[in-house]
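The values are calculated or read from the model by the stated rules, or taken from the named source; none is laboratory data. Worth saying up front: this structure is predicted, and the values here are computed from it rather than measured. Cβ atoms come from the backbone with ideal geometry, glycine included; neighbour counts cover every protein chain shown.
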Amino acid sequence: MANQARIYFDEDGDIERLRGRRVAVIGYGNQGKSHAQNLRDGGLDVVVGNIRDEYAERARTDGFSVVPIGEAVAASSIVLLLIPDEVMEEVYPRDIAPSLQGGTLLVFASGYTVAFGLVRPTETIAVGLLAPRMIGVGVRERFLSGEGYYSFGCVHQDPNGDAMPMLLGLAKALGTLKKGLIEVSFRDEALLDLFNEQAFGPAFGRVLLTSIDVLIRNGIAPEAALTEMYLSEEMSYTYHKMAQVGLVKQTHFHSQTSQYGAMSRGIRYLNLGLDRKMQRTVDEIVSGSFAREWSKPLSRLKFRIIRFFAFRQKINKLEQKVRRRLRLPEVAIDAPEEDVQTLLKRPEIRAELGEFEGYLEW
Ligand code: NAI
């Protein structure tokens, strides 16, 4: 039988455990802003630690006391790290580790950096994970509506033995226990997150693009094809219904013809070989090889090139045209300007791009 996760709900958390303790929210971006505001509304003493930038200004405008990162860490017994994962490897040893007091509870919103050894907190620090399954804006909106949001989380190390009640108090103050905190380790959270991005997302994207292509080749107008496949938001309703009533049961909301067609033709798509490809992705994530690859400077260059070409795929132009015809608001493509031709002259970069040969036009 598969592992069964422990799940924490509202009755498992006690905000009183946090009274008299200062909470440092490091970063005031997507998640930092919502976390800081939810915790303040929960009556907690919150200080924002931030570098001098527009985010710091925003936090001040929103009425928070904003101090340099090290200062916020030193003055708090709970520290929420809400800066991008990509900068943590550099920021943690320089601005955070030296200011941490013994007994501090350090909370991450993503398992990535700890799971892959990019950040290694010392053993005297309690370390927890509270990773929202929700974008930052949703964390705030669902706190205000009282609906809550799911999170994955755990205590990773606990030198004082009180990290779990503190983490649950924090989870309650944030509003996530209203929905549920599912116990998931740092490694598993990173696997879930990366798997969704690297396996499900691209496979789903490919199905979508192939469908659009096949429809257009069969004489369907692009306006109709894009509306059918995603612009109507009909698919997102279906997804919503899957969450509400169940994956198969939501078919009740569709006609008998739709149900028969989907069920009888579904068999053709059983053996796409997806499981083998997805297993390869899992292996790369779990072994740390993806994290090592992404940390290499060469991968940043590779990223710039593939992103450049991704924004130049013909679907972007087609979509813009269709949006205009449907009177949808103009959304700029924002294609990054890159001197890719110079980058592409470097043999080590060409070697990295081997598997794209024949797919990208350069
Ligand atoms: P973000 O990109 O919105 O973070 C911006 C903040 O980071 C700003 O306060 C900025 O001053 C600070 N920052 C940027 N570069 C910095 C540097 N070099 N040194 C110091 N501070 C710097 O980040 P976001 O998206 O809120 O992510 C924060 C954490 O939440 C990450 O661990 C992420 O994985 C996690 N998370 C994010 C979700 C999302 O929807 N964005 C969802 C779930 C988890």
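Overview of results
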item	result
Conditions (1) more than 23 Å from the chain's Cα centre (by Cα); (2) farther than 18 Å from Leu209 by Cα; (3) in a helix (DSSP H, G or I); (4) touching a residue at least 24 places away in the same chain (Cβ under 8 Å); number of the one not met by Phe308	(1)
Scope the range 175-233; condition hydrophobic (A, V, I, L, M, F, W, C) and part of a strand (DSSP E or B); matching residues	Leu181, Ile182
Condition met for Glu71 (at pLDDT below 95, of a type outside the set (S, T, N, Q) and not in a loop (DSSP other than H, G, I, E, B))	no
Qualifying positions in the range 79-129 - without any contact (Cβ under 8 Å) to a residue 40 or more places away in the chain, assigned to a loop (DSSP other than H, G, I, E, B) and within 17 Å of Val155 (Cβ to Cβ)	Leu100, Thr104, Val119, Arg120, Pro121, Thr122, Glu123, Thr124, Ile125
Test: residue in the range 299-314 that is under 30 Å from Ala225 (Cα atoms), touching a Lys or Arg at 6+ places or on another chain (Cβ under 8 Å) and of a type outside the set (Lys, Arg)	no
Set Glu189, Glu233, Glu228, Glu223: member being among the charged types (D, E, K, R) and under 30 Å from Leu129 (Cβ atoms)	Glu189
Residues located in the range 311-345, provided they are in a loop (DSSP other than H, G, I, E, B), more than 27 Å from the chain's Cα centre (by Cα) and without any contact (Cβ under 8 Å) to a residue 40 or more places away in the chain	Arg327, Asp339, Lys345
Within the range 139-148, considering residues that are touching a residue at least 12 places away in the same chain (Cβ under 8 Å) and surrounded by 14 or more Cβ atoms within 10 Å (Cβ to Cβ), the one nearest to the ligand (Cβ to nearest atom)	Val139
Conditions (1) within 13 Å of the ligand (Cβ to nearest atom); (2) under 20 Å from Pro121 (Cα atoms); number of the one not met by Ala74	(1)
Test for Ala199: is it over 30 Å from Glu16 (Cβ atoms), away from the ligand (no atom under 16 Å from the Cβ), of a type in the set (Gly, Ala, Ser) and exposed (fewer than 14 other Cβ atoms within 10 Å of the Cβ)	no
Ser151 at pLDDT 95 or above and surrounded by fewer than 18 Cβ atoms within 10 Å (Cβ to Cβ)	no
Which numbered condition Ile51 fails, given (1) within 14 Å of the ligand (Cβ to nearest atom); (2) crowded, with 17+ Cβ neighbours inside 10 Å	(2)
Test for Glu57: is it loosely packed, with under 13 Cβ neighbours inside 10 Å and either within 8 Å of the ligand (Cβ to nearest atom) or at pLDDT 95 or above (or both)	no
